[in-house]
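Asker: Below you'll find the structure I mean.
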Amino acid sequence: MTKVLHISTECYPAAKAGGMGDVVGALPKYLNDQNVHTSVIIPKYTTAWIESKKWQKIYDSTIEFGDLVVKFKIKKLKKSDLGFPLLSVDIPGYFDRSSIYLAPNGHGYEDEAERNILFQIAVLDWICGDKKSFDLLHCHDHMTGLIPFMIQHCPKYNSISTTPTFFTIHNGQYRGGLDWEYRHYLPKYNLEHEGLLDWDGLMHSLATAIKCAWQVNTVSPAYMQELKQEFGSLTSLINHETRKCTGILNGIDHEVWNPKTDQYLDIKLTDSINTFKQKNKSQLAGDHNLYKTKMLVSFIGRLAYEKGSDLISEALDIVMSKTKDISFILLGSGDATVADQLTLADQKYKKNVRSIITYDEALAHKIYAASDFLIMPSRFEPCGLNQMYAMRYGTIPVARYTGGLKDTVPDITVGGNGISFDHATAGELAHAILRAKVIFDKKKELYKLRYKICALNFSWDHAATNYAHQYNLLINN
Ligand code: ADP
């Protein structure tokens, strides 16, 4: 049986900040069904979930880190009901924080680089020190991007230097470009290969991963195509490495995201999807002081430039100037300016708009269940999971034509699954919402589309088969 270790800074439900957490918490279960015995290792944060569990120490050691000697422990979740073994790297002082990436001031931690480097070294030290044997290491995003380099070029890791590495780009915007000073924190490496660490004059975690990993993928085929056309200074690199680069569309966890059994819903799907939606809408609207029967449009996501969340308040002004027959519920956290815009919109359109500026997993599930439409005005979207969750709950996506949204939300005019628009502007978003209103008012059309999208299969089975196939090609090479 093939043995694979996923190395990641997120894994739902232990620690999630976005889609990568969902992927790492789901894909391993489905890989296990494909005879790929998959374990996951993450940093041991102090999230509520991690703190509530019992962990067993399986290894401890120290890392010489510049002038410091840093102690670490590898711990294993005692009783895992996740469907895969979960391990964690406990490094007191660096990871014992409840927030994964953000300090209380809303900015990234100042010691982000040290944290990422320490995590990667600790994982490799444990694998070699404890003589663990994995057939393949699967690394996720730039936070683990130095691993493919280190195992090949640090003599300390000679014993695993031929282990294949798989690297997934969940979001190419975050690149982990580090000042060259940080090279002193890496274990001794063969200087002849230092060029592999270099891109844009930085020690560049993402570029290094693209150069050194045996296989690189993005989380949708369309996003890989886009990176090959426009990836800033990395465009030439990804084209140079094109032979080993693919796109595999993410799936969704059908156990967690199941309207029939969803633990966060008081009203579950029993027979009719229309009744399910109407009852959930009525409950949510009641809880948030919105109209119970008007068309309900939602947004769930990070308040970040890439998500186009800054376009929403202007689009609301346009829509509200045309009709007050639509309600909006907006759930997000992130950029303070966008948060202020959404809060203002809530105050301005008290009866129609509710803005909830927080991260709330339970509320997100309730919103997917209750909404008629979900907007995703993304400037780019490596895959996007929200549109797939929405569809499973009978909510029609209104999405910009980019990245994974191209693969999953073709426009209804071409027989697709939702409303698609070309440009990330407030005007196009407003126009798309007004198109949604036309569908909402023609109940026959609305119900037909609803039935169609909730029957679509976005489960992980397909992607897991694809990953398993690619792993086997590398392992048996
Ligand atoms: P990304 O990883 O770029 O943030 P994805 O669409 O891949 O975007 O995944 C987003 C995930 O995070 C989804 O599960 C979504 O429901 C969840 N999410 C985002 N923001 C919030 C929030 N404020 N509250 C609850 N869940 C959220």
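Asker: Can you give the Rg to Rh ratio of the chain, both from alpha-carbon atoms, with Rh computed by the Kirkwood formula?
Answerer: 0.98
Asker: Follow-up question, since we're still on this one. Tell me the net charge near ILE267. Cut-off is 13 Å between Cβ atoms, ILE267 excluded, with +1 for each Lys or Arg and -1 for each Asp or Glu.
Answerer: The answer is +2.
Asker: If you find the alpha carbon centre of the range 55-77 and of the range 417-444, how far apart are they in angstrom?
Answerer: About 52 Å separates the Cα centre of the range 55-77 from the one of the range 417-444.
Asker: Only Cα pairs under 8 Å and at least 6 apart count here; give the relative contact order of the range 273-457 as a rounded whole percent.
Answerer: About 23 percent, as a whole number.
Asker: Here's a follow-up. With charges set only on the Cβ (+1 for Lys and Arg, -1 for Asp and Glu), what does the dipole of the range 125-278 come to about its Cα centre, in debye to the nearest 20?
Answerer: With only Lys, Arg, Asp and Glu charged at Cβ, the dipole is about 300 debye.
Asker: When the distances between all Cα atoms of the range 273-457 are binned every 5 Å from zero, what whole-number percent does each bin get?
Answerer: 1, 9, 19, 24, 24, 16, 7, 1, 0
Asker: Next question, about the same structure. When ranked by the protection proxy of mean other Cβ atoms within 10 Å per residue, highest first, what sequence do the peptides 338-348, 118-128 form?
Answerer: In descending order of packing, they fall as 118-128, 338-348.
Asker: Next question. Beyond a 22 Å Cα-Cα separation, which of these cross-linked pairs lie in this structure: LYS75/LYS131; LYS44/LYS71; LYS268/LYS437; LYS350/LYS443?
Answerer: As for pairs spanning more than 22 Å Cα to Cα, those are LYS268/LYS437; LYS350/LYS443.
Asker: Here are some pairs, LYS292/LYS448; LYS281/LYS322; LYS279/LYS442; LYS54/LYS156; LYS3/LYS366; which of them have Cα atoms lying more than 27 Å apart in this structure?
Answerer: Checking Cα-Cα distances, LYS54/LYS156; LYS3/LYS366 exceed 27 Å.
Asker: Starting from the Cα of LYS348, draw a straight line to each of the aspartates and glutamates and keep only those under 15 Å, dropping any in the same chain fewer than 8 residues away.
Answerer: The qualifying aspartates and glutamates are GLU314, ASP317, ASP340.
Asker: How large is the accessible surface per residue of the range 273-457, computed with a 1.4 Å probe and reported in Å² as a whole number?
Answerer: Here the residues of the range 273-457 average 38 Å² of exposed surface.
Asker: Would you check the accessible area of ARG435, probe 1.4 Å, heavy atoms only, in square angstrom rounded to 10?
Answerer: 70 Å²
Asker: Using a probe of 1.4 angstrom, how much of the accessible area of the chain is carbon and sulfur, in percent?
Answerer: Carbon plus sulfur share of accessible area: 49 percent.
The values are calculated or read from the model by the stated rules, or taken from the named source; none is laboratory data. Only a predicted model underlies this, so the values are computations on that prediction, with no experimental measurement involved. Glycine also receives a Cβ, built like all others from the backbone with ideal geometry; neighbour counts cover every protein chain displayed. Protein only, heavy atoms only, side chains kept; ligands, DNA and RNA dropped before computing areas. Shrake-Rupley method; radii C 1.70, N 1.55, O 1.52, S 1.80 Å.
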